[in-house]
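Comments concern the structure below.
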Amino acid sequence: MGKLKIRKGFDIRIGGRAERRTASAVESRIVGLVPQDFKGIKVKLLLKEGDEVKGGTAVYLDKNRPAVKFCSPVSGKIRSIEYGERRSIQSIVIESDEKNESISYRKYSHEALQKETAEELKTNLLEAGLWPHIRQRPFDTIADPEGKPKSIFISLADSSPLAASAEYLSGGRIDELNAALAVLGKLTEGRVNVTVKSGSSLLGELKHCELHEVEGPHPSGNVGIHIHHLDPISRGETVWYMNIRGLLAWGAFFLSGVYPSGKLMAAAGLGIGQRAYFPVTEGVMLKDIPLDAVDGGSRWISGDILTGRKRKPEGYLGYYDSLVTVLPEKRERKLLGWIAPGLKSYSFSKTFLSALVPAKEYDLTTAMHGGLRSFVQTGLFEQVLPMDIYPDFLIKSILAEDIAEMEGLGIYEVSEEDFALCSFVDPSKNDICGIIRQGLELIEKEG
Amino acid sequence: MKFIENTLKKIEPHVSKGGKFHVLFPLFEMVDTLLLTTPAVTLAGPHVRDRIDLKRLMSMVIISLMPALFFGAYNVGARAMIAEGIANPAILDAFARGMWQILPIIVVSYAAGGFWEVLFAVIRKHEVNEGFFVTGMLFPLVLPPTIPLWQVAVGISFGVVIGKEVFGGTGMNVLNPALLARAFLFFAYPANISGDKVWVASDAFSGATPLSAAAATEAGGSVVDSLMRAGYSLQEMFLGNHGGSIGETSTLAILIGAVFLLLTRTASWRVMLATLLGTLGTALLFNMIGSSTNPLMSLPPQHHLVMGGYMFGLVFMTTDPVSAAATHTGKWLYGLLIGMMVVLIRTLNPAYPEGMMLAILFGNVFAPLFDYYVVQANIKRRKRRAQ
């Protein structure tokens, strides 16, 4: 067991954490599959409106890798397919018949799992639509089933603001976690690295893996930071990674032989009254969860406030997400804000009086707090990026589309989520995450 | 406040896209966001943002310049009144007299510089960058109080256009625009920015500054003695009750600003410390070497810190994040280089008693090179790992 101590970073002290209690299960008549949850896939629909599905029936696949399928979590029928701009598929809406019928797959015991071949395990996962849970770095795409990762990383130490606790989400399902870890061990010749928060209750429980304790401010829980420090990626190498949701889904699938449609998620943020953990169905419509939203103008996010995606209340919970955050959204204007003392203004910098008398938590909204300006090297980015990478120079090389320079400066080691705090602290209000994604897409295409 | 908000709302359609005056949008945006905070919300993740923006960051620098500005106003007034025979001018009288002298300089600096800034923003269709509010204030403070106003306009125009906009605007410039503007005036119109006649705003007066007094020391003489003879004790120079550039004379007032910059973490302590160490080290080295022909070699290190534009340059000019080095190692090298160069120029090239301005510009030119080597080392480290 190793220890990883992260010094640089920043914990945003936003109010509205989910209480550690589980509310009653949410019944969903409607669930949605959202292809945009997955980076770089080309959707090919396998079914049409009105078709019947069971839990685990393939609904669409990735044209680039037809083996990778995406399945319905519930039994029922396809109610509608919603299109967005340029006929891209926004969501596939499935109406549940509430019978919960599921396609049966082979059920394994722990011993059987250990003896099974990697090929057979992969085939099961691909068929049941559970393969997308495993992703790869660089690029954050779904792992190539034919690929050979040099190692696999699982972060159970989510440090993002208002994050759901991995310990609470796993809720004693240690058997399932260990089953999934045993499967992962078969998929790589390298190590399976699992990171937990220091002092975690999971410490003594997990098998088939290399455990690391991490401590420090966000992004200390980001898998990218762990990879960077424990097994950095060079050109041509890939590392696979998975989160707590994937681990639990895989474990449940192999031990039960059916598609694991249920999941536990946390609801957080000051835009709602009910901040707790909710048992939901995968792809649940957000407004079906009894969150007790405050009136009007709220921002609904599937995921956390740094990297989550904006959704309408009629939108669906993301495939990878175990958190919904709802924030107040106001478009207020204040007089001479740039010179105000700022007792209640929250900032990483020390330019407001709040630096002298900090509050425990702040009511943060979606306000931008400033206009877009040209890029100035303030040195702030370096203070929130715990990597041996020069963020300003990497960003400049991306803007200049200088591929050799991007490679040299470590583009393969980064993901936009690791730069979310850079976007947060930037006084010029640039979209740093967007720039990083742009760089990754350029490299993926031409590198 | 509602009134302001409503008025701005009424104007906005006319300057927005499709409006009759849409070329003036950058000007509108500047005034609009100066008065009221922007109502914009985030579009995607991160959904929350830090309260800081460039306006806030730049206003921290402006606030830190206030002690130097206020003391400068008092000092300019007091010097002039004393030269005219008023032995002990009242503080407020002196302040008013000084403001009368320097306010036009500041106004011209902002007006002329602001004109170019807005013009380029309009042509390039981007927002007006707040960095200019700092440049527009730094520039007057490094000028003598007697500077002709047309030179202020010409100088700041050169600084903004040649120093910044031709490089691509804010964030892209190599040299500090305010310092470049001063250097331009220094070489183009030396009579108005050097010598013994320009430092006190009174026609009747002529007197050496500490730097020219030190440079005038005869071979074999003691430079500290000749400073004392001119009335410049170490304490006197630290407090700054003497003629000089408007904001540069009082080390004390500048240091108050420095404390503010460091507490708010607006300026880099690494750059400040490195510059200081570079100066102290080089001056000590020169003291040890000594010289029978160049008395400046024996000027004690602490004197360097309080003379001329040294402290003003160290606190406000070297720390400009755009023209300084960006990497930590780069910042150390950049500061050390400036610290060494200033002593080198002052001691070995008496033609330019004010070494700080040139030393910083020299450092600005080298800053990208330092960063280049630091970044290359990072790239090499990554390549070695891949093998």
Inset, instruction - Would you mind checking the radius of gyration and Dmax of segment B:93-168 based on alpha-carbon positions, in Å? - result: 13.3, 46
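Based on other C-beta atoms within 10 Å, arrange A:Asp388, A:Asp37 from fewest to most.
Lowest to highest Cβ neighbour count: A:Asp388, A:Asp37.
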Inset, instruction - Please name whichever of A:Val280, B:Met311, B:Phe167 sits farthest to the positive end of the charge dipole of the protein assembly as shown, dipole taken about the Cα centre and charges placed at Cβ: Lys and Arg +1, Asp and Glu -1. - result: A:Val280
Inset, instruction - Find the centroid of the Cα atoms in segment A:209-229 and in segment B:311-387, then give the distance between the two in whole Å. - result: 35
Inset, instruction - Enumerate lysine pairs in segment A:132-257 that are 8 or more residues apart or on different chains, then count those whose Cα atoms are under 17 Å apart. - result: 4
Legend entry - Ascending count of other beta-carbon atoms within 10 Å, so fewest first, for A:Ser347, B:Ser245: A:Ser347, B:Ser245
Legend entry - Selected from B:Gly240, B:Gly207, B:Gly168 as most flexible by GNM, with chain B as the system and alpha-carbon contacts under 10 Å: B:Gly168
Legend entry - Expected-Rg normalisation [2.2 N^0.38 Å, Cα atoms] applied to chain A: 0.97
Inset, instruction - In whole Hz, with x marking every Gly and Pro, tabulate ³J(HN,Hα) for segment B:7-12 from phi via Karplus 6.51 cos²θ - 1.76 cosθ + 1.60, θ = phi - 60°. - result: 4, 4, 4, 5, 6, 3
Legend entry - Percentage of interatomic Cα-Cα distances in segment A:129-210 larger than 15 Å: 61
Inset, instruction - For each pair in A:Lys54/A:Lys107; A:Lys330/B:Lys9; A:Lys39/A:Lys287; A:Lys396/A:Lys445; A:Lys39/A:Lys310, compute the distance between the two Cα atoms and list the pairs where it is over 23 Å. - result: A:Lys39/A:Lys287
Inset, instruction - Quick one: check the C-alpha center-to-center distance for segment B:84-157 versus segment A:298-364, whole angstrom. - result: 39
Inset, instruction - Kindly provide the GluC sites (Glu not before Pro) of segment A:13-70 that DSSP labels as loop, not H, G, I, E or B, and whose Cβ sees at most 12 other Cβ atoms within 10 Å. - result: A:Glu27, A:Glu49
Legend entry - Mean-position separation - Cα centroids, segment B:256-290 and segment A:136-158, in angstrom: 48
Inset, instruction - Excluding A:Val93 itself, calculate the net charge of residues whose Cβ lies under 12 Å from the Cβ of A:Val93, where each Lys or Arg counts +1 and each Asp or Glu counts -1. - result: -1
Inset, instruction - Return a whole-number percent for the relative contact order of chain B, with Cα pairs under 8 Å and 6 or more residues apart as the contact set. - result: 15
Legend entry - Convex hull of Cα atoms in chain B, direction-averaged projection (nm²): 24.0
Inset, instruction - Fewest Cβ neighbours within 10 Å first, please rank A:Tyr316, A:Tyr412 accordingly. - result: A:Tyr412, A:Tyr316
Inset, instruction - Please say if segment A:264-328 is rounded, prolate or oblate, where rounded means a/c under 1.5 for a ≥ b ≥ c the square roots of the C-alpha gyration tensor eigenvalues, and otherwise the choice is prolate for a/b larger than b/c and oblate otherwise? - result: rounded
Inset, instruction - Work out which GluC sites (Glu not before Pro) in chain B are exposed loop sites (DSSP not H, G, I, E or B, at most 15 other Cβ within 10 Å) and give the longest gap free of them. - result: B:219-387
Inset, instruction - Report, for segment A:26-127, the % of DSSP beta bridges that are antiparallel, rounded to 5. - result: 95
Inset, instruction - Can you tell me the relative contact order of chain A? Whole percent, Cα pairs under 8 Å, sequence separation 6 or more. - result: 19
Inset, instruction - Give the percent of DSSP beta bridges with both residues in the protein assembly as shown that are antiparallel, rounded to the nearest 5. - result: 65
Legend entry - Rg to Rh, two decimals, where the protein assembly as shown supplies the alpha carbon set and Rh follows Kirkwood: 1.06
Legend entry - Cα-projected label distance for A:Ser88 with B:Ile11, points at 7 Å along beta-carbon direction, nm: 3.8
Inset, instruction - Kindly write out, for segment A:77-85 in residue order, the coupling ³J(HN,Hα) from the Karplus curve 6.51 cos²θ - 1.76 cosθ + 1.60 (θ = phi - 60°), rounded to whole Hz, with x marking Gly and Pro. - result: 9, 6, 7, 7, 10, 9, 9, x, 5
Inset, instruction - Could you work out which residue, out of B:Arg346, B:Arg79, B:Arg49, moves most in a Gaussian network model of chain B, that is, has the largest mean-square fluctuation with Cα springs under 10 Å? - result: B:Arg49
Legend entry - Residues whose placed amide H lies under 5 Å from that of A:Leu211, excluding near-sequence neighbours: A:Gly2, A:Val194
Legend entry - Rg/Rh for segment A:368-446, where both radii come from Cα atoms and Rh is the Kirkwood radius: 0.94
Legend entry - Cα gyration tensor, segment A:184-339 - rounded (a/c under 1.5), prolate or oblate: oblate
Inset, instruction - Quantify how strongly other chains surround peptide A:322-333 by giving the mean number of their Cβ atoms within 10 Å of each of its Cβ atoms. - result: 3
Inset, instruction - Run a plain Debye calculation on segment A:323-416 (Cα atoms as equal point scatterers, no solvent) and give log10 I(q)/I(0) at q = 0.13 Å⁻¹, rounded to two decimals, same order as the q list. - result: -0.70
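GluC sites (Glu not before Pro), restricted to segment A:367-447: which are DSSP loop and have at most 16 other Cβ atoms within 10 Å?
A:Glu401
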Inset, instruction - Mind telling me which of A:Ser28, A:Ser298, A:Ser88 comes out most flexible in a GNM of chain A, alpha-carbon contacts under 10 Å? - result: A:Ser88
Inset, instruction - Could you tell me the convex hull volume per residue, in Å³, taken over the Cα atoms of segment A:2-256? - result: 153
Legend entry - Spacing of the two label points (7 Å from each Cα toward its C-beta) at B:Val31 and B:Leu119, in nm: 2.0
Inset, instruction - Taking H placed 1.01 Å from N in the peptide plane, check which residues at least 5 places from A:Ala268 or on another chain put their amide H under 5 Å from its amide H. - result: A:Val324, A:Thr325, A:Val326
Legend entry - Cα-projected label distance for A:Thr117 with B:Leu263, points at 7 Å along beta-carbon direction, nm: 7.2
Inset, instruction - Kindly provide the helix-only [θ] at 222 nm of chain B, computed as the sum of -39,500 (n - 2.57) over DSSP H runs of four or more divided by all residues, to the nearest 500 deg cm²/dmol? - result: -20500 deg cm²/dmol
Inset, instruction - Tell me the GluC sites (Glu not before Pro) within segment A:187-258 that lie in a loop according to DSSP and have at most 12 other beta-carbon atoms within 10 Å. - result: A:Glu189
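Laboratory data are not the source of any read-out in this text; all were calculated from the coordinates shown. Model, not experiment: these values are computed from the prediction. Cβ coordinates were reconstructed from backbone atoms using ideal geometry, including for glycine residues, and neighbour counts include every protein chain displayed.
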